[in-house]
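Have a look at the structure below before the remarks.
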Amino acid sequence: MPTINNKFISTKCPLLLFSGGLDSTHCLLSLLNTTDVDVLIIKSKLIHHRKNKAEEKARSNILKILKRTYKNKQCEYKVRNIYTVNDNSETMLNHDGWLQPSIWLNTAINIVNPAIHSEVIIGYVGGDSILTKLHTLKKWWKAMYQIHRHNCSFIKLKFPIKLCSKESILKTFYDCNNEEILNHVWSCEEPVILSRKIVPCGKCTPCITDKAMKFKYNLLNKE
Ligand SMILES: [Zn+2]
């Protein structure tokens, strides 16, 4: 009777869109509690080159820490594959002002392999109000619908933190002793140079969201 060698049974794992920001890093850490993860990195020409540089550094530092914790057996699961894709689209924005969902989803569809991936995870958090969240989610689903019309392939698409608050996500980093990783996450859209270093501008929407998140976190969690 033939025997099955476990070595040759590949288990499926999720494919995560990973930017190096707080939300996708949070998703990565949560997933690694229960499974190996493949990450998809999309480098967009549309993004400010300093932001690209800062995000690249953030991702590389975060992935290095995770590799170390896996090597030291502090974590059972690992980042299995890293797919990096250059998005060269020239179009800045569509008429509703947000083309990112379709770019990201199209890239994910090209990379995802149903034989080795269980689902595509997007660490998207909506705005502060439920209406903003629903409005933006609608754009994701619209992009998904358009992709389905042109592709027969089916992928499970998950937004596990779509209705989470930013401060609750920040809390998980402290609760799980992931401050070292937290120090590397990057969100600023328009970084500036200060003493030859790329630093957050403190003025763009993500920087303001960041400040509000820390303020709310401190309010909710002070002794
Ligand atoms: Zn900024």
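No value in this document is a laboratory result; all are computed from the given coordinates. Only a predicted model underlies this, so the values are computations on that prediction, with no experimental measurement involved. Positions of Cβ are generated from backbone atoms using ideal geometry, with glycine treated the same way; all protein chains shown enter the neighbour counts.
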Quiz item: Taking other Cβ within 10 Å of each residue's Cβ, how do Arg196, Arg50 sort, fewest first?
Solution: Arg196, Arg50
Quiz item: Efficiency by 1/(1 + (r/R0)^6): what FRET value for Glu180 and Asn110, r their Cβ-Cβ distance, R0 = 35 Å, to the nearest 0.05?
Solution: 0.60
Quiz item: Among Arg80, Arg68, which comes first, second and so on when ranked by fewest other beta-carbon atoms within 10 Å?
Solution: Arg68, Arg80
Self-check item: Label-point gap, in nm, between Ile193 and Leu163 - each point 7 angstrom along Cα→Cβ
Solution: 4.6
Quiz item: Here are some pairs, Lys51/Lys197; Lys171/Lys222; Lys71/Lys158; Lys162/Lys222; Lys64/Lys203; which of them have Cα atoms lying more than 20 Å apart in this structure?
Solution: Lys71/Lys158; Lys162/Lys222; Lys64/Lys203
Quiz prompt | Phe18, Phe215 arranged by Cβ crowding within 10 Å, fewest neighbours leading | solution = Phe215, Phe18
Quiz item: How far, in nm, would the chain grow between Lys203 and Ser60 when pulled straight, counting 0.36 nm per residue and subtracting the alpha carbon separation?
Solution: 49.0 nm
Quiz item: If Lys and Arg each add +1 and Asp and Glu each add -1, what is the summed charge of the other residues whose beta carbon sits under 15 Å from the beta carbon of Thr35?
Solution: +1
